[in-house]
């Protein structure tokens, strides 16, 4: 075996230019595979993270009744069990962060134009710890140290549509829990929300419960807890979401829950399509690599016909000739695949730390949670699959030339170029 | 040196031992069957005895190479049989024939046919490697002994393209001999060598025949090589027309 390896290794070096070309084509194919997989995995990771960080947490719990009318963001379907759910999570998952909020249908304007938006009533101190959408700090105190009456935070893109800057004023109009329509003028824009989520950045205005609860008539007499329409949880281990979902549904049959995995299924499905497109391109490049390998192997078989005849005449078995040719190609394939993995892996690792800035991509992506910074995500699987695919391409491509070489009649082969 | 007529057409007449090393029995080989068929050998009977130093001679197209290839299990007669040390090889499949060639037959080619990526040492070692049942220590000993006999100790690390024609043919002889085959078949072994180198190679083969009792069969046009043969089989139009054995 050592002898065959030695012969295969030296044969692989016989036509260095050809071997180098073959290696280069494999490096290109394998390197692009690793980079493409890391790129799409990175997009998926970023989109999922964005969705978790800005919108959903690891688990969202609502009442079944609320789900029926969610499109209208009704305020008259309260989540009465919010504190019980929070207590359940705190007991079962000590690392869980629990947050609640109330969604409402809002209309905002600057006196000239109005736009429909999604309104959220939150406790800013806790909400900004759960969701990474930017700081929810109150505006500076007014003259004489007086707290402004009303303030809110708005998605950066939504604010941009009005030309609003931090400190500017606008009005908010909304249907309250009791069914009346209230309007609040002179609301100070306290900050801009920037998350990468189109829902947050383009359509959301966040109102602190300090004045929002009254504005929307959320607290009725006798109610002691903050009004909520949704409850969110974040766990130390995201995999706890499924167990938490089961626990809450078991304890509260009137509730419905959705884990981050269920919520981001559309992201993965979308990225699977993207992945297939990338793999198609990489596959074409690998096919070119395979043709290069096949050409190298075939040329070697043609050029060394007499040598193969000599080997067979000396008693080398056909299977050994086949193994010799396959070993030669595998060596070239292994070098090409290793280099491809190394180059693709290095590039991906670099882009893991240095994201690509793609502004406006969220619009192209049709509302997908697509932040402007795209990080690659290099995984051991990408490296392993890249290496194995390179080897497989080389082996499959070399199979026919190797079989052809092994089937040569020794006498006919010996007469070649004699 | 005197010559004596031979009754070579009989399968049993030429052997020194009772079982010939290789025997062709009524071997006929036809190329391009049909209108343009060529009868390369036609009903050839030939026994090669252990220790023979036999020259196959004849004009071009007389069937020398076909006889040599049939003896070496590289070609299969269309009619007739080939026995190697008593074993009928006519019905063996490719792998079994490869095993016969591996274990019992050594080849020396006109253009040396060394493996270009191997050194002189490795080319000789290669024979033992594919033989399979030789320990590394024994392999080393046998290859070094062969290099010493061939006078190639100083050139053992050189690759074929760094060796002269004569040196390459010596390596080829070493490669054939090192596995101690039953028979060594040489196809025009001196055709690509100059006069002096040819004599050198002939002398080496003869010495191996006498000292190591190696059995040689070679095809040749070389009068000088013929002169050294102890048995000369002459072919014309695919038939043996004479089989002369010279007195020792």
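The angle separating the long axis of helix A:82-92 from the principal Cα axis of greatest extent in chain A is about 40 degrees. For chain A, averaging the sequence separation of C-alpha pairs within contact (under 8 Å, six or more residues apart) and dividing by the residue count gives a relative contact order of 29 percent. The antiparallel fraction among DSSP beta bridges confined to segment A:59-234 stands at about 75%. Measuring between their Cα centroids, segment A:116-189 and segment B:38-67 lie 107 Å from each other. Computed from Cα atoms, the angle from the helix A:240-251 axis to the main principal axis of chain A rounds to 40 degrees.
Relative contact order for segment B:3-246: 29 percent, from Cα pairs under 8 Å spaced at least 6 residues apart, divided by residue count. For the protein assembly as shown, the mean residue ellipticity at 222 nm estimated from helices alone is -15000 deg cm²/dmol, where every DSSP H run of n ≥ 4 contributes -39500 (n - 2.57) and the total is divided by all residues, rounded to the nearest 500. Counting, for every residue in A:314-325, the Cβ atoms of other protein chains within 10 Å of its Cβ and taking the mean gives 5.
Hey, could you grab the Kirkwood Rh for chain A? Inverse mean 1/r over distinct alpha carbon pairs, Å, one decimal. Computed over chain A, the radius equals 25.8 Å. Determine the distance separating the Cα centre of segment B:151-182 from the Cα centre of segment A:1-79; give it in Å without decimals. With segment B:151-182 and segment A:1-79 each reduced to a Cα centre, they are spaced 57 Å. Shielding of peptide A:9-15 by partners, expressed as the average count of other chain Cβ atoms within 10 Å per residue Cβ, is 2. Distance distribution P(r), chain B, all Cα-Cα pairs, bin width 10 angstrom from 0: 8, 32, 36, 20, 4, 0 percent. The angle separating the long axis of helix A:318-353 from the principal Cα axis of greatest extent in chain A is about 30 degrees. When DSSP assigns beta bridges and you keep just the ones with both residues in chain A, what percent turn out antiparallel, to the nearest 5? Of those bridges, close to 80 percent are antiparallel. When DSSP beta bridges are restricted to pairs lying wholly in segment B:3-246, around 60% turn out antiparallel.
The mean sequence distance of close C-alpha pairs (under 8 Å, at least 6 residues apart), as a share of the length of segment B:90-175, puts its relative contact order at 44 percent. Taking packing as the residue-averaged number of other Cβ atoms within 10 angstrom, the listed peptides B:81-91, A:283-293 run from highest to lowest as A:283-293, B:81-91.
Take each peptide in A:141-154, B:113-126, count the other Cβ atoms within 10 Å of every residue, and average; sorted highest first, the result is B:113-126, A:141-154. Mean per-residue shielding of peptide B:96-104 is 4, counting Cβ atoms of other chains within 10 Å of each Cβ. A simple packing score, the average count of other Cβ atoms within 10 Å per residue, orders the peptides B:30-40, A:267-277, A:196-206, A:239-249 as A:196-206, A:239-249, A:267-277, B:30-40, with the highest score first.
Just so you know, all these numbers are worked out from the coordinates, no wet-lab data involved. These numbers come from a predicted model, not from an experiment. Cβ atoms come from the backbone with ideal geometry, glycine included; neighbour counts cover every protein chain shown.
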